[in-house]
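**Student:** Here it is: the structure, laid out below.
The values are calculated or read from the model by the stated rules, or taken from the named source; none is laboratory data. Predicted model, so just to flag it, every value in this text is computed and none were measured. With ideal geometry, Cβ positions are generated from the backbone for all residues, glycine too; neighbour counts draw on all protein chains shown. The accessibility values were calculated without ligands, DNA or RNA, using every heavy atom of the protein model including side chains. Shrake-Rupley method; radii C 1.70, N 1.55, O 1.52, S 1.80 Å.
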Amino acid sequence: PLAAIRAEFIGSNFGIPLDFLGLGAGWRIDDLFYLTLLHGVLPRPATSGTDLEAISPIWEALSRFGVGQAEWHPYWRNQQLVEVTPATVKASLYLRRAGAGPARALLIVSNLSTRQETTAQLTLHLLDPEPTAGPGAAAVCHDAVSHERLALEGIRLQVPLQPMGARLVVIE
């Protein structure tokens, strides 16, 4: 259950960054992204080239965004920033507030369903809907790994997801 993962596996209660060791027993590293990234944890890759090929774009996206300088807003306490439907989808986010410049966000959107492909509907309260007031007026969204542009309509965003799939979405 998600509550067990929050209590036992994320490490933030100790202030120590950690890796998730969940490989073996038929798991591949990319099978873990939907669950670990949602909790701000990276799965530890095995030394095989396949694992490193799978996680390298994730490392690059997190580094490029600058998650070390961002505020972490996990799905269980970020409803004032983002609302997500359907219930099988959760979204956590990193938020960078840039002094006089616009804020940037990196969302981790995860489909917790093991069977169903879905399109997540996100309402991004972190964007200001007033055209003269802030970053919402000129916001651009794209997948941080594939660089695919995602359509943002006002403060609403749709994100297609595979079963047990995750996408990293940058909002600038």
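**Student:** Mind counting the residues in the stretch 37-49 that are of a type in the set (Val, Ile, Thr) and out of contact with any Asp or Glu (no Cβ under 9 Å at 6 or more places or on another chain)? Walk me through it before giving the result.
**Tutor:** To start, the set of residues in the stretch 37-49 that are of a type in the set (Val, Ile, Thr) comprises 41, 47.
When the remaining residues are screened for being out of contact with any Asp or Glu (no Cβ under 9 Å at 6 or more places or on another chain), the result is 47.
Qualifying residue count, the stretch 37-49: 1.
**Student:** Sticking with this structure for a sec: I'd like the residue in the stretch 30-59 that is out of contact with any Pro (no Cβ under 7 Å at 6 or more places or on another chain), assigned to a helix (DSSP H, G or I) and without any contact (Cβ under 8 Å) to a residue 12 or more places away in the chain and, out of all such residues, is most open to solvent (accessible area, probe 1.4 Å).
**Tutor:** Going through the qualifying residues, I end up with 53.
**Student:** Moving on to the next point. Output the qualifying pairs, or none if there are none: Cβ atoms under 9 angstrom, residues six or more apart or on different chains, first residue in the stretch 145-160 and of a type in the set (Gly, Ala, Ser), second residue surrounded by fewer than 13 Cβ atoms within 10 Å (Cβ to Cβ) and at pLDDT below 95.
**Tutor:** Here the result reads 154/129, each pair linking the stretch 145-160 to a residue that is surrounded by fewer than 13 Cβ atoms within 10 Å (Cβ to Cβ) and at pLDDT below 95.
**Student:** Among the residues of the stretch 135-171, which ones are assigned to a loop (DSSP other than H, G, I, E, B) and either at pLDDT 90 or above or at positive phi (or both)?
**Tutor:** In the first step, residues of the stretch 135-171 are kept if they are assigned to a loop (DSSP other than H, G, I, E, B); the result is 139-140, 144-148, 151, 154-155, 162-165.
Selection gives 140, 144, 145, 146, 147, 148, 154, 155, 162, 163, 164, 165.
**Student:** Considering only residues that are in a loop (DSSP other than H, G, I, E, B) and among the aliphatic types (A, V, I, L, M), which ones fall in the stretch 61-102?
**Tutor:** First, pick out the residues of the stretch 61-102 that are in a loop (DSSP other than H, G, I, E, B): 66, 70, 74, 78-81, 86-88, 97-102.
Selection gives 70, 81, 87, 98, 100.
**Student:** Output yes when any residue across the stretch 7-16 is of a type in the set (A, V, I, L, M), at pLDDT 75 or above and open to solvent by less than 60 Å² (accessible area, probe 1.4 Å), and no when none is. Working first, answer last.
**Tutor:** Our first condition is that a residue be of a type in the set (A, V, I, L, M); within the stretch 7-16, this holds for 7, 10, 16.
Next, from what is left, pick out any that are at pLDDT 75 or above: none.
No, the stretch 7-16 contains no residue that is of a type in the set (A, V, I, L, M), at pLDDT 75 or above and open to solvent by less than 60 Å² (accessible area, probe 1.4 Å).
**Student:** Return the residues of the stretch 76-97 that are small (Gly, Ala, Ser) and open to solvent by less than 10 Å² (accessible area, probe 1.4 Å); say none if nothing qualifies.
**Tutor:** Of the residues in the stretch 76-97, the ones small (Gly, Ala, Ser) are 87, 91-92.
Once the filter is applied, which keeps residues that are small (Gly, Ala, Ser) and open to solvent by less than 10 Å² (accessible area, probe 1.4 Å), the stretch 76-97 yields 91, 92.
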